[in-house]
Amino acid sequence: MIEAEVHLSLHNFLRSQAGFPSWPHHLTMARLVARALRLGRSALIQVGALCGYQGRYRTSFVASALMWHGPVIIVAPEAIQQRLMKVEIPRLLEWLQVNKPIRSGDVWPRGEFQGILLVSPEAWLQAQLTSTDNFPDGIPTIIDGVDDLEDWVRSQLTVSLDAHDWDQLMLAYPNKTEVIRSSRVQLTRELFQHPANPYECYLISLDEEEILSRLYSALHPASLPDPWTRFWQIFQHRLSPISPHTPHTPPLLWSTIARRQGLFSLHCAPIELGKILSPIWSRQPVVFIGSALESETEAPLFRQRLGLDEVTCLKFSSDSQTDAIQLYVPYQFPLPNTPEFQAAFIHKVRTLVCLSATTSGLTVVLVGDVPLKSQVGAILASEFGSRVQVEKTCLDENGILISGWEFWREHQKVLPAPQLLVIATLPLPSLENPLVAGRVAHHKRSHQDWFRLYLLPVALNELQRAIAPVRENQGIVALLDSRVVMRSYGAQVLAALSPLARIDYLDPTLFSIEE
């Protein structure tokens with residue numbers, strides 16, 4: 001069987017590679033991927049946050065894909081595709097001595113292609129969601145990095161209307177120009193009355209919905225430009241009556257505003273993805289590979305959100321000796337929603353930065369609150385000078401990076417692993433963000449525990465991925481959110497951060513380099 005062949009070949013390959021990055025689960029993962037290919041049965045694999053950050057596991061599934069006798073699709077972002085094409089695949093091709101063609105592109109190659117096709121998540125999902133024939137059914141598919149799969153899908157399903165689309169609408173209905181222009185002016189007036197927020201986006205109000213409804217009723221739907229047609233299809237679903245006999249989930253409808261330019265855009269997207277995605281997974285066997293989806297091996301919440309039914313699930317544990325971090329969580333620290341928190345946080349950050357001066361290495365301060373992030377950057381820069389940068393990648397060897405969660409997630413792989421990571425608060429999605437509030441409202445309508453089904457899982461995944469680089473050098477993570485010790489869900493947070501060595505004191509010896 002292919003599992004035995006892959007096991008033996010990969011075992012010999014790993015033994016031949018002097019200095020090859022070690023990972024104790026290469027052979028297990030390779031066998032599971034090979035089994036999924038042979039049986040045509042989907043699988044969900046969690047490799048762990050550190051391994052996901054380092055990408056060591058990719059050798060395992062590439063070996064299985066190369067040795068499989070049939071074609072395979074690998075869905076991965078562009079940066080990962082480049083790594084596979086330039087490093088992983090050539091190295092294994094040379095060792096395995098297999099003659100398997102490798103391609104990258106957005107459509108299936110012509111002819112009887114029996115090789116590996118690398119494709120972007122955007123191209124693959126677009127083809128699956130629009131039922132195009134860009135990719136044949138039944139081709140085993142490996143999706144790498146499914147921690148972001150939900151965001152990829154929602155991005156593909158979001159329909160947006162901007163200034164250009166209003167111009168196109170007036171061109172399509174020259175006899176309705178005044179009606180269209182009047183509706184646009186009314187929407188502009190309504191939308192710009194919303195108070196400013198850091199996200200510059202707002203859920204559409206009932207009055208704004210009414211303006212759109214009147215506009216659509218004045219137009220002939222058969223002549224609508226394509227973006228307006230797709231937007232109207234989702235918008236209609238939002239307006240359809242809710243009753244016990246016709247249950248449905250209203251989509252999310254929101255606007256984004258560019259205040260200086262006086263422009264706005266409208267956006268519409270479904271909230272629930274499971275029913276939309278479920279038919280896709282039945283078209284071909286899919287191996288889903290993520291880093292830290294959930295604490296449970298079966299990942300029930302992830303599978304429910306993505307419409308995954310029967311799949312083989314596997315979760316690899318971390319090495320408690322080499323992957324442990326030192327975690328500092330202070331007791332009796334002000335809660336994030338209290339007036340005392342900001343001053344206490346800034347004082348603690350200054351203390352940590354001063355203590356860490358005894359050793360070299362990058363310091364990262366993660367602050368989700370936008371005004372506080374700017375304030376911390378200004379205060380530290382006044383004391384530590386050019387060492388301090390706010391969301392920049394050009395840093396000194398002993399640099400201090402002040403960053404939001406999104407910037408750190410996007411750039412952590414191009415920056416050195418930090419010796420000290422300071423976290424202001426847990427990355428719980430903010431209810432001040434209208435998109436978060438809209439999803440929470442959906443859970444409330446369904447009488448569901450919105451915190452444990454939505455906010456907490458998102459925060460734990462973000463947290464594990466954020467601290468992964470610190471595990472490389474067993475650095476220090478300072479989590480200055482006392483909810484970890486004062487709330488019942490704090491135990492789940494600590495479990496997600498394991499393996500760790502808990503510390504509750506600060507002194508310079510913490511940062512001393514052991515000889």
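Structure data summary
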quantity: Failed item, numbered, when ARG260 is tested on (1) more than 30 Å from HIS194 (Cα to Cα); (2) open to solvent by 70 Å² or more (accessible area, probe 1.4 Å); (3) part of a loop (DSSP other than H, G, I, E, B); calculated: (1)
quantity: Test: residue in region 130-146 that is open to solvent by 70 Å² or more (accessible area, probe 1.4 Å) and of a type in the set (A, V, I, L, M); calculated: no
quantity: Count of residues meeting criterion [out of contact with any Phe, Trp or Tyr (no Cβ under 9 Å at 6 or more places or on another chain) and touching a residue at least 60 places away in the same chain (Cβ under 8 Å)] in region 52-67; calculated: 7
quantity: Hits in region 5-51 - residues which are of a type in the set (D, E, K, R) and touching a residue at least 24 places away in the same chain (Cβ under 8 Å); calculated: GLU5, ARG31, ARG35, ARG38, ARG41
quantity: Yes/no for VAL75 being touching a Phe, Trp or Tyr at 6+ places or on another chain (Cβ under 7 Å) and either modelled with pLDDT of 95 or more or within 22 Å of ASP137 (Cα to Cα) (or both); calculated: yes
quantity: Breaking point among (1) open to solvent by 40 Å² or more (accessible area, probe 1.4 Å); (2) within 23 Å of ILE257 (Cα to Cα), for HIS220; calculated: (2)
quantity: Region 172-207 - residue that is of a type in the set (S, T, N, Q), free of Cβ contacts under 8 Å to residues at least 24 places away in the same chain and closer than 24 Å to PRO251 by Cβ and, of those, surrounded by the fewest Cβ atoms within 10 Å (Cβ to Cβ); calculated: GLN193
quantity: Only listed residue being modelled with pLDDT of 95 or more, among the polar types (S, T, N, Q) and farther than 20 Å from LEU44 by Cα, chosen from GLN82, GLN97; calculated: GLN82
quantity: Selection from region 263-286 of residues that are farther than 20 Å from GLU209 by Cβ and β-branched (Val, Ile, Thr); calculated: ILE276, ILE280, VAL286
quantity: So VAL470, is it β-branched (Val, Ile, Thr) and more than 28 Å from GLN332 (Cβ to Cβ); calculated: no
quantity: Selection status of ASP165, in contact with a helix residue (DSSP H, G or I) (Cβ under 9 Å, 6 or more places away or on another chain), surrounded by 19 or more Cβ atoms within 10 Å (Cβ to Cβ) and of a type in the set (Asp, Glu); calculated: no
quantity: Members of region 29-55 found to be open to solvent by 10 Å² or more (accessible area, probe 1.4 Å), within 27 Å of ILE467 (Cβ to Cβ) and modelled with pLDDT of 95 or more, listed by number; calculated: LEU32
quantity: Subset of region 408-442 [out of contact with any strand residue (DSSP E or B) (no Cβ under 9 Å at 6 or more places or on another chain), under 19 Å from LEU460 (Cα atoms), part of a helix (DSSP H, G or I) and not basic (Lys, Arg)]; calculated: GLU410, VAL436, VAL440
quantity: Per-region count, region 272-317, residues among the small types (Gly, Ala, Ser) and buried (at least 19 other Cβ atoms within 10 Å of the Cβ); calculated: 4
quantity: Qualifying strands (runs of 3 or more DSSP E) (wholly inside region 266-379; at least 2 residues being in contact (Cβ under 8 Å) with a residue 60 or more places away in the chain and not basic (Lys, Arg)); calculated: 286-290, 312-315, 325-328
quantity: Which listed residue, of SER374, SER320, is open to solvent by 40 Å² or more (accessible area, probe 1.4 Å), modelled with pLDDT under 95, in contact with a strand residue (DSSP E or B) (Cβ under 8 Å, 6 or more places away or on another chain) and of a type outside the set (Phe, Trp, Tyr); calculated: SER374
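The values are calculated or read from the model by the stated rules, or taken from the named source; none is laboratory data. Only a predicted model underlies this, so the values are computations on that prediction, with no experimental measurement involved. Don't worry about glycine lacking a Cβ; one is built from the backbone with ideal geometry, like all the others, and counts go over all protein chains shown. Note: areas computed on protein heavy atoms with side chains; ligands, DNA, RNA excluded. Shrake-Rupley method; radii C 1.70, N 1.55, O 1.52, S 1.80 Å.
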